[in-house]
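Data block below; observations after.
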Amino acid sequence: VPPKLKHFLWRVTRGCLPTRTNLRRRGIDCTTGCVFCQEHFESEWHVFVACSKAREMWTAAGIHYLLEQKFNEA
C-alpha cells in the first residue's frame, strides 16, 4: 500500500480530516452541514459512505457492491 494512502487512511480512522464537524470541534466557525448534500453533518463517515453523492461516486466507480456487502454482513 502506498505511503500516501496509508497516511490518508490513518487520518480517516483517527478523525483527523478537516471535515466541518472536526473544524467546529477545533473552534473554527463554519456550518456543519455536508458540502455536497446539505442534509447531514459532515463527518468522515458521512462524506465517504452515507452521503448520497458518495454513494453515487461508489456506484459510478463500479464498487458500490463492496460497501453494500460489508454492511449487510453486520
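Read the figures in this text as sums done on the coordinates, not as results from a lab. Keep in mind that what you see is a predicted model, and the values were worked out from it rather than measured. Every residue, glycine as well, gets a Cβ built from its backbone with ideal geometry; the counts of neighbours run over all protein chains shown.
So the values come out like this:
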item: About the Cα centre, charge dipole magnitude for the chain (Lys/Arg +1, Asp/Glu -1 at Cβ), debye; result: 400
item: Pair R26, E68: separation of 7 Å Cα→Cβ label points (nm); result: 3.6
item: Signed unit charges on C-beta, dipole axis of the chain, positive-most listed residue Y65, F36, P2; result: P2
item: Ordering of 33-40, 5-12 by packing [mean C-beta count within 10 Å, highest first]; result: 33-40, 5-12
item: With Cα atoms, 0 to 90° folded angle of helix 3-13 axis to the chain main axis; result: 70
item: log10 of Debye I(q)/I(0), alpha-carbon scatterers only, for the stretch 3-73 at 0.26 Å⁻¹; result: -1.16
item: Value of [θ]222 nm, deg cm²/dmol, for the chain, DSSP H segments ≥ 4, -39500 (n - 2.57) each, nearest 500; result: -13500 deg cm²/dmol
